[in-house]
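One structure below.
The values are calculated or read from the model by the stated rules, or taken from the named source; none is laboratory data. All values reported here derive from a predicted model rather than from experimental measurement. Please note: Cβ atoms are built from the backbone with ideal geometry, for glycine as well, and neighbour counts cover all protein chains shown. Note: accessible area is taken over every heavy atom of the protein model, side chains too, but ligands, DNA and RNA are not part of it. Shrake-Rupley method; radii C 1.70, N 1.55, O 1.52, S 1.80 Å.
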Amino acid sequence: MKSDHSKWANVSGKLSLLSLAILASTCALADDSYGYGGANLGRSRASIDDARISAGLSGPGLTTTSISDDNRDAGYKIYGGYQVSKNFAFEGGYFDLGRFGFNASTVPTGTLSGNIRLRGLNLDALGIIPFTETFSAFARVGVNYAQARDAFAGTGIVNVLDPHPRQNAFNPTLGLGLQYAFSDSFALRAELERHRISDAVGNRGDVDMSSVGLVYRFGARTPAPRAAAPAVLAPAPPAAVVVAAPEPMIVMAAPAPPVARRVSFSAESLFGFDKAVVRPEGRTVLDQFTNDIRGTQYDKITVEGHTDRLGTNAYNQKLSLERAESVKAYLVSTDRLDASKIMTVGKGESTSVTRPEDCKGNKPTPALIACLQADRRVEIEVSGTR
């Protein structure tokens, strides 16, 4: 028969391989997904069954006079995951829930003390609800493989037959949490989890852990910046008008015709996926645009944000307007353009480029997201004279 250590190593290896297989498959399917890792530290609390302990002592004729429980300890976990979409992720890791114990006094005179150490591996699926681009809630459901190491000691009349039992078992895990991203790479996470645990003497109970931690995002794969070729209406050369008069001939230049210029940028060239903050690559694209319009006496600049049809109308409207305002803010801050002449508009999903028959479906699969790329854009129109 294999030892507890070899069993633990065998199951640990299998869970690790399963996690890697799932993450590898999601990496191959989702261009806009990303991996992450993190660590949480918090407090854990175990449910200790005092009634069962008293019943166990009454078997050999002992009466329990008092029981004191030590059911709280520090806990931590280390984890890695892969976010498949904005609403779903896989996560696996290692946890240590801490050590818990009790002390019982009996008549005839004796004592029984016990403690348990709980740690293991977990593999979970996460459902995510994004409230904003930076703040979200999530729920987890999964399975843990926990190792319970018990230790018992008796004094006086109490005699312990097996002082060091052990148990390894699979049990479910549930949890809820909140996450706030304070940069593109780092996020703060707060969680409440419940681990169902089997100890080494036939008990099953719950251990709850509340914790906070830091998450590091390894980065989503994003396409190279790409801006659509601008459509330019070249002004006609000024016409000359000759006015005859008794005096010497006077030549008057006609007013310069108006210039209309409209440029379309793909959202991926300016922002991260589902974000409204201009990335460094996007700043380069906008710098090129401002260089192109130098010398134009413009009356008005209109910045329009557009999204694809995925998500709710309200969310898409808000995201498109936020992206338009981010572009305006950058143009004003870097080139000292007149903010009063720049107007922002959020079009949401109302003016899509693709047709429903071109990109079928409503589920945000990687293929559909890629098909709808043309709809996610920012358009800038300059009206004025050169």
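Close contacts from region 181-199, counting a first residue that is under 17 Å from Phe131 (Cβ atoms) and outside any strand (DSSP E or B) and a second that is open to solvent by 30 Å² or more (accessible area, probe 1.4 Å) and among the aliphatic types (A, V, I, L, M), with Cβ to Cβ under 9 Å and a gap of 6+ residues or different chains, come to Phe182/Leu188. Please tell me if Asp308 is farther than 15 Å from Ser326 by Cβ and either at pLDDT 85 or above or of a type in the set (Asp, Glu) (or both). It is true that Asp308 is farther than 15 Å from Ser326 by Cβ and either at pLDDT 85 or above or of a type in the set (Asp, Glu) (or both).
Looking for whichever is more than 14 Å from the chain's Cα centre (by Cα) and open to solvent by 50 Å² or more (accessible area, probe 1.4 Å) here; the options are Gln167, Gln147. Which one fits?
Gln167
Summed over region 336-386, the residues that are outside any strand (DSSP E or B), open to solvent by 20 Å² or more (accessible area, probe 1.4 Å) and of a type in the set (Asp, Glu) give a count of 4. Selection within region 334-386: residues that are of a type in the set (Gly, Ala, Ser) and modelled with pLDDT of 85 or more. The member of this set that is nearest to Arg294 (Cα to Cα) is Gly346.
For region 102-136, filtering for residues that are assigned to a strand (DSSP E or B) and within 37 Å of the chain's Cα centre (by Cα) leaves 17.
Give the residue that is farthest from Ser47 (Cα to Cα), with candidates limited to residues of region 69-92 that are open to solvent by less than 20 Å² (accessible area, probe 1.4 Å) and over 17 Å from the mean Cα position of the chain (by Cα). Here the answer is Lys77. When you go through Ala153, Ala139 one by one, which is the residue that is assigned to a strand (DSSP E or B), modelled with pLDDT under 95 and of a type in the set (A, V, I, L, M, F, W, C)? When all the criteria are applied, what remains is Ala153.
For Gly177, all conditions in the list (1) at pLDDT below 95; (2) at negative phi; (3) among the small types (Gly, Ala, Ser) hold save one; what is the number of the exception? Among (1) at pLDDT below 95; (2) at negative phi; (3) among the small types (Gly, Ala, Ser), the lone unmet condition for Gly177 is (1). Restricting region 107-125 to residues that are open to solvent by less than 10 Å² (accessible area, probe 1.4 Å) and over 20 Å from Ala74 (Cα atoms), which is modelled with the lowest pLDDT? Here the residue is Gly110.
Any residue at all in region 299-307 that is farther than 16 Å from Val263 by Cβ and free of Cβ contacts under 8 Å to residues at least 60 places away in the same chain?
no
Entry remark, region 291-335: residues being open to solvent by less than 40 Å² (accessible area, probe 1.4 Å), touching a Leu at 6+ places or on another chain (Cβ under 8 Å) and among the charged types (D, E, K, R) number 2 in total. Thr63 passes every criterion in (1) of a type in the set (Ser, Thr, Tyr); (2) modelled with pLDDT of 85 or more; (3) closer than 28 Å to Ser211 by Cα; (4) exposed (fewer than 15 other Cβ atoms within 10 Å of the Cβ) apart from (3).
Is one or more of the residues making up region 356-367 in contact with a strand residue (DSSP E or B) (Cβ under 8 Å, 6 or more places away or on another chain), closer than 18 Å to Gly272 by Cα and of a type in the set (S, T, N, Q)? No. Any chance region 321-330 includes a residue that's in contact (Cβ under 8 Å) with a residue 12 or more places away in the chain, assigned to a loop (DSSP other than H, G, I, E, B) and among the basic types (Lys, Arg)? Among the residues of region 321-330, not one is in contact (Cβ under 8 Å) with a residue 12 or more places away in the chain, assigned to a loop (DSSP other than H, G, I, E, B) and among the basic types (Lys, Arg), which makes the answer no.
So that you can scan it fast, the table gives a plain yes or no per residue for (1) modelled with pLDDT under 80; (2) acidic (Asp, Glu); (3) assigned to a helix (DSSP H, G or I); (4) more than 21 Å from the chain's Cα centre (by Cα):
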{"position": "Pro255", "(1), (2), (3), (4)": "yes, no, no, yes"}
{"position": "Ser264", "(1), (2), (3), (4)": "no, no, no, yes"}
{"position": "Glu281", "(1), (2), (3), (4)": "no, yes, yes, yes"}
{"position": "Asn291", "(1), (2), (3), (4)": "no, no, yes, yes"}
{"position": "Asp299", "(1), (2), (3), (4)": "no, yes, no, yes"}
{"position": "Tyr315", "(1), (2), (3), (4)": "no, no, yes, no"}
{"position": "Leu319", "(1), (2), (3), (4)": "no, no, yes, no"}
{"position": "Val332", "(1), (2), (3), (4)": "no, no, yes, yes"}
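Quick one: how many residues across region 293-313 are touching a strand residue (DSSP E or B) at 6+ places or on another chain (Cβ under 8 Å) and under 16 Å from Leu331 (Cβ atoms)?
Of the residues in that region, 10 qualify.
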